[in-house]
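Structure first, then comments.
The values are calculated or read from the model by the stated rules, or taken from the named source; none is laboratory data. All values reported here derive from a predicted model rather than from experimental measurement. We place every Cβ from the backbone using ideal geometry, glycine too, and count neighbours over all the protein chains shown. What goes into the accessible areas is simple: the full protein's heavy atoms, side chains included, and nothing from ligands, DNA or RNA. Shrake-Rupley method; radii C 1.70, N 1.55, O 1.52, S 1.80 Å.
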Amino acid sequence: MQTNQVLIDTVLRIADNALIHGHRISEWCSKGPEMEIDIALTNIALDHVGRSRYLYQYAATLIGNTDEDQLAYLRDAWDFKNILLVEQANGDFANTIVKNYFIDSFHVPFFLGLQSSADKQLAGIAEKSSKEVKYHQTFSRDWMRRLGQGTELSHSKLQEAVDHLWPFSGEMIVADDVDAVAIGQQLIPDINGIGVYWKAEVQALMQEIGIIISENAWMQSGGKKGIHTEQLGLVLAEMQFIQRAYPNSQW
Amino acid sequence: MEAIKTHIEQEHIWTLLESVKDPEIPVISVCELGIVKDVIYSDAIKQVIITPTYSGCPATKEIEMTIRIELDSHGYKDVEIISQISPAWTTDWITEEGRKKLLEYGIVPPVTASGKFGLMHGEVIITCPRCNSSKTKLVSEFGSTACKALYKCEECLEPFDYFKCI
């Protein structure tokens with residue numbers, strides 16, 4: 001059977017984004033600024049990790065001789081294909097909200113488009129994810145507004161967060177060579193088209209809440225190809241510790 | 001005779017499934033929640049088709065296990081349980097009876113069809129399940145579980161869960 005490496009890479013990219021992002025938000029568990037926010041963030045994390053499971057199960061069947069747990073817990077950083085944005089540290093609440101808002105605003109059009117994937121499995125997973133990410137975006141967008149239009153302090157922390165995370169947004173909304181082939185095979189929707197939509201949505205909100213977007217064009221990248229920031233190492237060290245310290249351990 | 005036996009067994013399986021309750025909301029069955037999609041029962045194929053609700057729902061595995069135990073303990077060890085993610089589960093599949101049970105239990109059922117997403121922040125009125133007041137306020141989009149939002153009633157001052165539309 002011919003393995004479609006582009007399909008495998010595409011599935012892993014979406015899976016790794018889901019797992020790493022879900023794991024990062026789950027770090028807020030027991031540390032949320034309010035109980036309701038703690039519960040909201042951990043429930044959102046569950047949605048993402050749940051999606052990663054469907055994707056890893058599928059990837060495992062495509063790759064052969066592996067399973068979802070090996071893919072999640074036994075690959076090293078250079079084999080992960082998530083974008084750099086999702087591995088960044090949570091930082092303060094403003095930073096987490098901006099990170100979430102950026103990815104949620106990408107996810108909404110992305111999963112909507114993915115429902116038309118030529119790959120039936122991806123289309124099915126997209127159908128479920130599409131509904132869930134709308135709620136994620138409502139949560140993060142509302143918090144962008146509350147923080148942006150709150151106090152001087154909340155506004156300045158939000159501005160700092162946007163300045164810090166803006167250079168990571170490009171990798172998400174620009175198709176690389178692998179994306180281009182996947183788009184050609186109709187596995188995923190047009191990333192660049194989504195990027196235009198994303199920029200419009202984000203710029204409109206920033207204008208509404210008085211946040212300035214940097215004019216710098218330079219963007220961080222490399223995650224999709226396995227070249228990561230030091231942050232991913234820290235995520236994996238914690239997330240994979242138990243499996244690596246006690247190989248084959250089971251619940 | 002064989003056809004009648006098969007039919008009786010299929011009906012029996014549905015009855016067993018109707019007795020499997022949601023682990024988080026023990027008054028409603030997995031059938032009433034629309035989690036059980038179909039029972040295919042013939043000499044050739046014996047399958048219970050279920051569908052997960054939210055992608056990360058921790059109860060999904062437990063529901064599958066409970067169904068397995070229920071089937072096995074009644075002699076249906078050869079019935080396969082198939083989990084189907086497409087078509088995606090929607091709250092539209094919650095039965096009328098299910099919605100009544102949710103409300104009696106204190107959880108407001110989804111008020112609109114899943115096609116309408118603008119149901120937070122004053123776009124739809126959620127009435128208090130205890131005192132029926134419409135003076136309710138959203139506390140958080142995500143309540144005790146991912147599928148529910150947390151509201152509070154500004155008249156009787158009690159908090160309550162709202163089963164989100166999806």
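Structure data summary
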| item | result |
| --- | --- |
| From B:Ile45, B:Ile35, residue being at pLDDT below 95 and aliphatic (A, V, I, L, M) | B:Ile45 |
| Scope the range A:32-90; condition outside any loop (DSSP other than H, G, I, E, B), touching a residue at least 12 places away in the same chain (Cβ under 8 Å), of a type in the set (S, T, N, Q) and surrounded by fewer than 24 Cβ atoms within 10 Å (Cβ to Cβ); matching residues | A:Thr42 |
| Single residue of B:Ser86, B:Ser55 found to be in contact with a Phe, Trp or Tyr (Cβ under 8 Å, 6 or more places away or on another chain), part of a loop (DSSP other than H, G, I, E, B) and without any contact (Cβ under 8 Å) to a residue 12 or more places away in the chain | B:Ser55 |
| Top-ranked residue in the range B:61-106 [being among the β-branched types (Val, Ile, Thr) and in contact with a Pro (Cβ under 8 Å, 6 or more places away or on another chain); ranked as farthest from A:Ser130 (Cα to Cα)] | B:Thr66 |
| Residue within the range A:149-166 that is touching an Asp or Glu at 6+ places or on another chain (Cβ under 8 Å), open to solvent by less than 20 Å² (accessible area, probe 1.4 Å) and of a type in the set (A, V, I, L, M) present | yes |
| Scope the range A:30-67; condition within 18 Å of the chain's Cα centre (by Cα), under 27 Å from B:Ser144 (Cβ atoms) and more than 13 Å from chain B (Cβ to nearest Cβ); matching residues | none |
| Condition broken by A:Gln220, with the remaining ones in (1) outside any helix (DSSP H, G or I); (2) at pLDDT below 95; (3) in contact with a Phe, Trp or Tyr (Cβ under 8 Å, 6 or more places away or on another chain) satisfied | (2) |
| Sole exception among (1) over 16 Å from the mean Cα position of the chain (by Cα); (2) away from chain B (no Cβ under 14 Å); (3) more than 19 Å from A:Lys199 (Cβ to Cβ) for A:Asn95, by number | (1) |
| From B:Thr66, B:Thr15, residue being open to solvent by 40 Å² or more (accessible area, probe 1.4 Å), within 26 Å of A:Leu46 (Cα to Cα) and in a helix (DSSP H, G or I) | B:Thr66 |
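Quick grid of which residues meet (1) open to solvent by less than 40 Å² (accessible area, probe 1.4 Å); (2) under 18 Å from the mean Cα position of the chain (by Cα); (3) closer than 21 Å to A:Glu127 by Cβ; (4) aromatic (Phe, Trp, Tyr):
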residue: B:Asp43; (1), (2), (3), (4): no, no, no, no
residue: B:Lys46; (1), (2), (3), (4): no, no, no, no
residue: B:Tyr54; (1), (2), (3), (4): yes, yes, yes, yes
residue: B:Leu71; (1), (2), (3), (4): yes, no, no, no
residue: B:Gly75; (1), (2), (3), (4): no, no, no, no
residue: B:Glu80; (1), (2), (3), (4): no, no, no, no
residue: B:Gln84; (1), (2), (3), (4): no, yes, yes, no
